[in-house]
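The next block holds one structure in the form of structure tokens; read it before the comments.
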Amino acid sequence: MSKSAIERLIEFHDHLKLAGYGGRNKFEKAIGKSEGYLSGALKKNSAIGSDVLLEIRTMFPELNMDWLISGDGEMLKTKLGINKSKSTETRPRIPLNATAGTVSIALSGVKAEDSEDMPVVVAFSNYNYTLIVKGDSMEPEFHSGDEIACLQVTQSQYIQWGRYHALDTSQGILIKRIYDDGDCILCKSEAHDLYKDFKIPKKDIYNIALVVGLLRRY
């Protein structure tokens, strides 16, 4: 008996997990669903909604959607990991303590002093650059030394408020959960007891990117 679409989606997550992506809760958040979505859908043998399919296609472009929906073909369009067929293709890797404006400079195609070019990592899905996390303000979601993949947001209407974003600001680079607050952006840390919420004027932000992947070294 062939697998259902939800069973194949779980299989895809298990494949990502082997590459260090993270648990089901993180995956469910990435596709816009709440904790327990996968187990609940599996128990009910529910179909995957069109809104979820769209989110999956956006967040994980390496996934073969024909395979997910009908089981046709292979799971991945390319092998998970560094895409050796595109060995000349790179993305900037930027430390979180890089100087203000580094992200914008790196994305402009000019070599930024604080960044280094690294081979594309297919497991991170579509992304523009990676950041190396420093500090504990976003624990337990992100730990110091983690490498996160960031997808540049080019228009304000595409900002996904309430999710993790990287901000290149006049004061430096930040990774926060962000919320719209008029002429400012409200930034929240995960370690609420140690780091208070704060606001950044939108005019002081050079670049905004959605966090779309995580690589953790053990």
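The values are calculated or read from the model by the stated rules, or taken from the named source; none is laboratory data. On a predicted model such as this, the values are computed, not experimentally measured, just so you know. Glycine gets a Cβ as well: all are built from the backbone with ideal geometry, and neighbour counts include every protein chain shown. SASA here: full protein model, heavy atoms, side chains in, ligands and nucleic acids out. Shrake-Rupley method; radii C 1.70, N 1.55, O 1.52, S 1.80 Å.
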* Structure fact -> The one condition residue 126 fails out of (1) within 14 Å of the chain's Cα centre (by Cα); (2) open to solvent by less than 60 Å² (accessible area, probe 1.4 Å); (3) at pLDDT below 85 is (2)
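Filter region 132-153 down to the residues that are buried (at least 18 other Cβ atoms within 10 Å of the Cβ) and either touching a helix residue (DSSP H, G or I) at 6+ places or on another chain (Cβ under 6 Å) or at pLDDT 85 or above (or both) and list them by number. Reasoning before the result, please.
As a first pass, look at region 132-153 and keep what is buried (at least 18 other Cβ atoms within 10 Å of the Cβ): 133, 137-138, 141-142, 146-151.
Scanning region 132-153 gives 147, 148, 149, 150, 151.
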* Please find, within region 1-32, the residue that is farthest from the chain's Cα centre (by Cα) out of those that are open to solvent by 60 Å² or more (accessible area, probe 1.4 Å) and modelled with pLDDT of 90 or more. => 7
* Check off (1) surrounded by fewer than 15 Cβ atoms within 10 Å (Cβ to Cβ); (2) at pLDDT 90 or above; (3) hydrophobic (A, V, I, L, M, F, W, C) for residue 191 and give me the number that stays unchecked. => (2)
* Structure fact -> Checked region 33-72 for anything open to solvent by 60 Å² or more (accessible area, probe 1.4 Å) and within 18 Å of residue 149 (Cβ to Cβ); matches are 57, 58
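Among the residues in region 156-166, are any within 30 Å of residue 17 (Cβ to Cβ), without any contact (Cβ under 8 Å) to a residue 24 or more places away in the chain and open to solvent by less than 80 Å² (accessible area, probe 1.4 Å)? Quick ask: steps written out before the conclusion?
Looking only at region 156-166, we keep the residues that are within 30 Å of residue 17 (Cβ to Cβ), and these are 158-166.
From what is left, the residues that are without any contact (Cβ under 8 Å) to a residue 24 or more places away in the chain are 158, 161-162.
Of the ones still in play, those that are also open to solvent by less than 80 Å² (accessible area, probe 1.4 Å) are 162.
Within region 156-166 (the criterion being within 30 Å of residue 17 (Cβ to Cβ), without any contact (Cβ under 8 Å) to a residue 24 or more places away in the chain and open to solvent by less than 80 Å² (accessible area, probe 1.4 Å)), the answer is yes, since at least one residue qualifies.
Among 173, 178, which is the only one that is surrounded by 21 or more Cβ atoms within 10 Å (Cβ to Cβ), closer than 18 Å to residue 29 by Cβ and of a type in the set (A, V, I, L, M, F, W, C)? Walk me through it before giving the result.
Details: 173 fails: closer than 18 Å to residue 29 by Cβ.
One residue alone meets the criteria, 178.
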* Asked: Using beta carbons and a limit of 6 Å, which pairs, at least six apart or on different chains, have the first residue in region 31-57 and among the aromatic types (Phe, Trp, Tyr) and the second one surrounded by 13 or more Cβ atoms within 10 Å (Cβ to Cβ) and not in a loop (DSSP other than H, G, I, E, B)?
  -> 37/28
* Structure fact -> Flagged in region 172-196 as charged (D, E, K, R) and out of contact with any Phe, Trp or Tyr (no Cβ under 9 Å at 6 or more places or on another chain), in numbering order, are 181, 183, 193, 196
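Could you check region 194-209 and list, in sequence order, the residues that are in a strand (DSSP E or B) and either open to solvent by 30 Å² or more (accessible area, probe 1.4 Å) or over 15 Å from residue 142 (Cβ atoms) (or both)? Give the derivation first.
Initially, region 194-209 is screened for residues in a strand (DSSP E or B), giving 198-201, 205-209.
Those that are in a strand (DSSP E or B) and either open to solvent by 30 Å² or more (accessible area, probe 1.4 Å) or over 15 Å from residue 142 (Cβ atoms) (or both): 198, 199, 200, 201, 205, 206, 207, 208.
Conditions tested, residue by residue: (1) of a type in the set (Ser, Thr, Tyr); (2) in contact with a helix residue (DSSP H, G or I) (Cβ under 7 Å, 6 or more places away or on another chain).
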site	(1), (2)
5	no, yes
19	no, yes
29	no, no
34	yes, yes
* When both residues are 6+ apart or on different chains and their Cβ atoms are under 8 Å apart, which pairs have a first residue that lies in region 171-197 and is over 14 Å from residue 208 (Cβ atoms), and a second that is of a type in the set (Asp, Glu) and open to solvent by 30 Å² or more (accessible area, probe 1.4 Å)? -> 171/204; 188/197; 189/197; 190/139; 190/141; 191/136; 191/139; 194/136
